[in-house]
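One structure is given here, and the rest of the page talks about it.
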Amino acid sequence: MKKTSPVSRSGRFTSGPNADVARFTESVSFDWRLWRQDLLGSIAHATMLRKIGVLTKAEQTAIVKGLEAIGQEIADGKFRWKPKLEDVHMNIEAGLTRRVPTGAKLHTGRSRNDQVALDLRLWLRDEIVEVAGELRSFQSALVQLGAKNAHVLIPGYTHLQRAQPVYFAHHLLAYVEMVQRDYERLKDCFQRVNVCPLGSGAVAGSTLPLDRGLVARLLGFVDAKGKPLVTQNSMDAVSDRDFVVEFCSVAALIAVHLSRLAEDVILWSSAEFGFIKIADAYTTGSSLMPQKKNPDIAELTRGKAGRVFGNLIALLTLLKGLPMTYNRDLQEDKERLFDTADTVRTCVQLMAAMLRNTTVNHKACLAAASDPSLLATDLADYLVGKGMPFRQAHHVVGAIVALAELKNKKLNELTLVELKSGDKTFGDDALAVFNLEKSMAKREIVGAPGTKEVVKQMARWRKQLS
Ligand code: ARG
């Protein structure tokens with residue numbers, strides 16, 4: 001048999017690529033990460049080729065053994081990746097044909113165009129499962145921190161101004177809700193990743209009777225009933241990167257949510273708030289100011305959101321002008337995808353670890369939550385209870401707040417006489433409104449930070465996350 005090498009240029013070309021061109025076009029420096037998926041795909045493809053009679057049993061066995069040996073070599077760090085061979089696919093195929101000459105039959109009915117689409121889908125499937133698991137453990141960290149500080153109240157803020165009291169746990173559960181939606185989006189995205197493109201060839205499928213269903217089943221591209229899921233249009237399948245964009249946009253929202261929490265953590269750990277203390281091991285110091293303890297995990301998480309968004313925009317831009325079907329531009333998808341997955345995964349992990357090593361300063365929280373102006377709305381609700389229209393009650397309490405300011409008193413330090421001077425409707429029980437505990441007990445509607453409701457929500461999440 002004539003020795004052939006699996007190089008895209010063989011046959012038609014009289015020379016190899018210019019060194020600069022080779023450097024410019026290679027992708028193995030980053031797509032080597034797909035080696036496991038590439039091997040799995042090739043083993044499934046070989047199994048199918050055997051079934052349709054392209055390979056003999058002996059040839060299939062030799063090819064699979066060769067691929068497995070390459071896998072071992074790569075795992076042991078002994079495989080030599082050659083940029084000259086462009087990408088992970090050709091490096092592995094060349095490694096195979098070096099060992100097993102019949103490896104030259106493996107690429108039958110297959111192109112790197114459907115191969116890379118397959119590898120990416122396989123890789124992303126695993127990655128989604130990993131990220132989803134990290135999100136779960138992040139949610140648990142939030143719930144645990146809330147549970148450890150179940151009785152702690154803090155001001156809820158709007159416009160970063162003190163608004164109304166909430167349980168600290170309620171604030172944390174807001175993030176648990178956001179992350180839950182991220183988790184659901186990941187699961188939904190998985191469904192569109194989980195479709196097998198192999199058999200689409202370079203653009204137009206194959207004249208050979210490839211058994212696409214078999215390959216799909218072997219690689220776990222099946223629905224809940226075990227029915228194989230294969231792409232339905234070869235042109236779409238080789239140039240579709242929607243699933244990459246989808247994952248990266250889900251990741252961008254995860255980054256938004258992490259970044260918002262990071263901002264809260266940064267504020268809370270400042271001397272001005274003093275609500276939390278992050279353990280030393282999860283902070284860093286300053287090279288100049290000896291007293292500094294900085295919330296760098298949170299700051300970097302906030303900062304890294306930028307590159308996650310950037311990756312998404314890069315991908316959308318990459319795709320928008322591509323004529324059908326595969327174009328080499330698509331090679332640019334991988335670094336954006338890998339970087340997004342790596343970044344988001346590390347941020348989720350470290351933010352969770354930081355929360356697990358954070359303590360809450362109950363005294364500082366109580367001092368802030370005890371600000372009686374947080375209950376100004378309760379006072380208006382009191383008037384509403386006496387039959388006053390809310391707009392009027394809002395106006396009356398506004399005037400009372402102004403009066404307190406004028407008298408240099410806190411809202412709950414005003415006398416009953418002073419209150420009644422604002423409006424006759426105030427009864428002798430008006431000042432009882434400023435009992436924080438009672439006020440929290442009153443917020444019992446679903447989703448409110450009432451004492452019982454927060455206990456209920458915490459219990460629901462603990463059950464759901466256990
Ligand atoms: N390295 C390529 C990529 O990542 C693989 C597909 C190349 N196909 C081709 N016909 N040159 O997109």
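The values are calculated or read from the model by the stated rules, or taken from the named source; none is laboratory data. Because the structure is predicted, anything quoted here is derived from the model rather than measured. Neighbour counts run over all protein chains shown; Cβ positions are idealised from the backbone, glycine included. Areas reflect the complete protein model, heavy atoms only, side chains present, ligands, DNA and RNA absent. Shrake-Rupley method; radii C 1.70, N 1.55, O 1.52, S 1.80 Å.
A few remarks follow.
- Distance from segment 313-387 to segment 150-185 (C-alpha centre basis), Å: 12 Å
- Radius of gyration and Dmax over the Cα atoms of segment 89-225, both given in Å: 24.2, 74
- Value at 222 nm in deg cm²/dmol, rounded to 500, when DSSP H runs of n ≥ 4 in the chain each add -39,500 (n - 2.57): -19500 deg cm²/dmol
- Between segment 209-232 and segment 116-148, the Cα center-to-center distance that results, in Å: 25 Å
- Segment 114-169 - Debye-derived log10 I(q)/I(0), Cα point model, q = 0.24, 0.25 Å⁻¹: -0.91, -0.93
- Between the amide H of Leu55 and those of Arg50, distances stay under 5 Å, these residues lying 5 or more places away or on another chain, with hydrogens modeled in the peptide plane.
- The simple spin-label model puts a point 7 Å past each Cα toward its Cβ; for Ala22 and Lys442 those points are separated by 7.9 nm.
- Within the full protein context, the accessible area of Met324 is estimated at about 120 Å² for a probe radius of 1.4 Å.
- Ratio of Rg to Rh for segment 285-434: 1.31 [Cα atoms; Kirkwood radius as inverse mean 1/r over pairs].
- Trypsin sites (Lys or Arg not before Pro) restricted to DSSP loop in segment 156-185 with at most 14 other C-beta within 10 Å: none
- Surface exposure of segment 222-288, expressed per residue as accessible area with a 1.4 Å probe, stands at 48 Å².
- Length-normalised contact order for segment 306-391 - Cα pairs under 8 Å, 6+ apart - percent: 24 percent
- Highest average first, the peptides 220-227, 233-240 ordered by how many other beta carbon atoms sit within 10 Å of their residues are 233-240, 220-227.
- Dipole of segment 1-157, positive direction: furthest Cα of Leu34, Asn18, Ala141, with charges on the beta-carbon: Asn18
- Carbon-plus-sulfur accessible fraction, segment 393-466 (probe radius 1.4 Å, protein heavy atoms only): 59%.
- Given +1 at the Cβ of Lys and Arg, -1 at the Cβ of Asp and Glu and no other charges, the dipole of the chain around its Cα centre is 1240 debye to the nearest 20.
- For His170, solvent-accessible area (1.4 Å; no DNA, RNA or ligand), Å²: 50 Å²
- Excluding ligands, DNA and RNA, the accessible surface per residue across segment 102-194 is 37 Å² with a 1.4 Å probe.
- Taking all protein chains as they are arranged and a probe of 1.4 Å, the heavy atoms of Lys51 leave approximately 130 Å² accessible to solvent.
- Per-selection Rg to Rh, the chain - Cα, Kirkwood hydrodynamic radius: 1.16
- Solvent exposure of segment 305-392 as accessible area per residue, Å², 1.4 Å probe: 47 Å²
- Sequence ranges 392-401, 297-306, ranked by mean other-Cβ count within 10 angstrom, highest first: 297-306, 392-401
- Fraction of accessible area attributable to carbon and sulfur, segment 142-286 (%, probe 1.4 Å): 54 percent
- Per-q log10 I(q)/I(0), segment 21-140, q = 0.09, 0.15 Å⁻¹ (Debye; single scatterer per alpha-carbon; no solvent): -0.28, -0.70
- Share, in percent, of DSSP beta bridges within the chain that are antiparallel, nearest 5: 90 percent
- Members of Lys363/Lys420; Lys148/Lys452; Lys293/Lys463 lying beyond 27 Å, as alpha-carbon distances in this model show: Lys363/Lys420; Lys293/Lys463
- Asn233/His362 FRET efficiency (R0 60 Å; Cβ-Cβ; nearest 0.05): 0.50
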